[in-house]
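Heads up: the structure comes next, in structure tokens.
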DNA sequence: ATTCAAACTGCAAGCGCTTCCAGTATGCCG
DNA sequence: CGGCATACTGGAAGCGCTTGCAGTTTGAAT
């Protein structure tokens, strides 16, 4: 391993100057900088992260806490974060926060305090008070993606508005008996997203003077399998005259699409289905959705993190989203027979 | 931040003894260890990773290089690795190696050399000579998952045998006209896996005295969409009398299943489909597959890494796999009409 | 009781950088 | 041409820990 001293010596300057030349901090003559850069390049010098961190207090690494790598939304966000950090020369330390309570506690208790990171991006985790406190006590910039959480700077889409937009799309098409696949408090692992989306659905109906029919609301775990099972329940309920479904995630919507095929319910002729997320498979399934561009969310979060979120706290950033209309939604066939068994 | 000195002082010992007590290296009396541990706990002491790394040369962090976080196989492996590392108190530094050549080069040139990690696990990346050399020159333990790569210690399933097993399953059921969805050299982003699987398919046919029909072999990119498109090609080819499909990944197999539904080809009555991987959606789709337990692969890789792979090099570990028969495969209906258009 | 090894402990020397500080050189102003 | 600000540079002091070394104590073996 080449040390800074060797580079400095090769360039005919002191280690101090070499350090300044390479880091860009402080004054260095153009000539010296040139020689140092060349020597470093020639010798293949790479700064020792430990030494640099210890001396400067900066680690050039960001911690990312994320719940479930299998869920498309989360690994998309992670991709976005990773991309931006790598481009900026930052490392990414991954904390995969699973349902293992003990491990989770350990991550908050010890891992984060090792000061290996300059900041922490928390993706879609519902934090309890103790965890929030741990994060705050780090004295590091923290960004919560999928908030908002009042105690910490956060970025989030307006989940209620998003779901309302999805429901509005169906309502505007003329649907009136609309089913919902989402979650309730029991699924609030991530900032009440399930609750807030459900609320958005109900509000949308209210604005059309429709009372949500509890029998048309199904809970699921945001996965394809969960959506499939929930949709089967909805399709199977006799006489509900449902013509459309709003699913709180694209994965569940895809599940609903698969269930429809299995039961011979044609989409969009007999049933319109709309999801939320912008899943990569949406195109294949011709799924109408509200795209929340998770990769971009990752980019944005990382960029903000790199700017250190100087703005004191409670920074709450609203993220964009957009309706993408594909083939899974259409005006309801009022004359058609009830597709549900 | 509480320093080791404070802990040592609180426990009435020197920093050296406190360090030994907490790390477990060297001799410390039970009494001293007890007092140090208590003091550390009470003060909330957590070792500074930078200082510890600088002094000891060990960082308690493992780097993981992985290509595509969206692909289920990769994020499964990552989950497994992460789980094992976290349980052992290790951090995971994620290097998401995308198709961006410049970024990729930078990761190998600079990131790895920062000595932030004690070892590197490379998941399913086809390394060129220069990259292999960079890895070797690190002087760190490296494990390649999805090898084998002769130059570096690696772990892999026997891709040829796996695909042969899949094809054998169909052959044993009586299928003779079998299609294949996989890849050729053009898709060899990861250790010739596409090529080796294709070879396994061809060998299996040979053992039954069947020559592979080139028109029944389709290339795809291992995604659901890719499999869907490839399967449509196969189903659409007139007069091929194909009764079964081997897909080199579950995602492509699922694509084939979806295509079958869309074209009215019934599975398994008219068409048997088998995949490879053990995808979590396999259950929903009743997909027969060869499970290679990627999460366990992650565990195994991480465990080996933690044991530092003392054994010099060229450690090549064969990973297990198993056939999981579900509903997507059955004996061919010899009397049935050709399902293909 | 004597000897010796092993257990234990603290001192101090780093690990490889960054950065404060003080000193020298340079440029520009009046 | 003196004076002062500014650019540049190197010395040296850490950053917070680990560990070799040497000294002290203990226990067991003779």
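Look at (1) within 26 Å of the chain's Cα centre (by Cα); (2) away from chain B (no Cβ under 14 Å) and you find that residue A:225 fails only one, number (2).
Selection of the range B:1-54 for residues being more than 14 Å from chain A (Cβ to nearest Cβ), surrounded by 19 or more Cβ atoms within 10 Å (Cβ to Cβ) and within 7 Å of DNA strand D (Cβ to nearest atom) yields only B:19. Yes or no: residue A:234 in contact (Cβ under 8 Å) with a residue 12 or more places away in the chain and closer than 17 Å to residue A:325 by Cβ? So residue A:234 fails the test.
Considering A:60, A:109, the condition of being on the phi > 0 side of the Ramachandran plot, within 9 Å of another protein chain (Cβ to nearest Cβ), surrounded by fewer than 23 Cβ atoms within 10 Å (Cβ to Cβ) and modelled with pLDDT under 95 is satisfied by A:60 alone. Report, by residue number, each residue of the range A:229-258 that is out of contact with any strand residue (DSSP E or B) (no Cβ under 6 Å at 6 or more places or on another chain) and either surrounded by fewer than 21 Cβ atoms within 10 Å (Cβ to Cβ) or over 17 Å from residue A:288 (Cα atoms) (or both). The answer is A:229, A:232, A:235, A:236, A:237, A:238, A:239, A:240, A:241. Does residue B:134 satisfy being farther than 18 Å from residue B:305 by Cα, in the same structural domain as residue B:66 (by TED's automatic domain parsing), out of contact with any strand residue (DSSP E or B) (no Cβ under 8 Å at 6 or more places or on another chain) and touching a residue at least 12 places away in the same chain (Cβ under 8 Å)? It is true that residue B:134 is farther than 18 Å from residue B:305 by Cα, in the same structural domain as residue B:66 (by TED's automatic domain parsing), out of contact with any strand residue (DSSP E or B) (no Cβ under 8 Å at 6 or more places or on another chain) and touching a residue at least 12 places away in the same chain (Cβ under 8 Å).
Restricting B:278, B:264 to those that are in contact with a strand residue (DSSP E or B) (Cβ under 8 Å, 6 or more places away or on another chain) and free of Cβ contacts under 8 Å to residues at least 60 places away in the same chain reduces the list to B:278. If only residues of the range B:112-127 that are over 17 Å from residue B:60 (Cβ atoms) and more than 9 Å from chain A (Cβ to nearest Cβ) are counted, the one that is surrounded by the most Cβ atoms within 10 Å (Cβ to Cβ) is B:122.
In the range B:64-71, is there at least one residue being more than 9 Å from chain A (Cβ to nearest Cβ) and at pLDDT 95 or above? Yes.
The values are calculated or read from the model by the stated rules, or taken from the named source; none is laboratory data. This is a predicted model, so every value here is computed, not measured. Don't worry about glycine lacking a Cβ; one is built from the backbone with ideal geometry, like all the others, and counts go over all protein chains shown.
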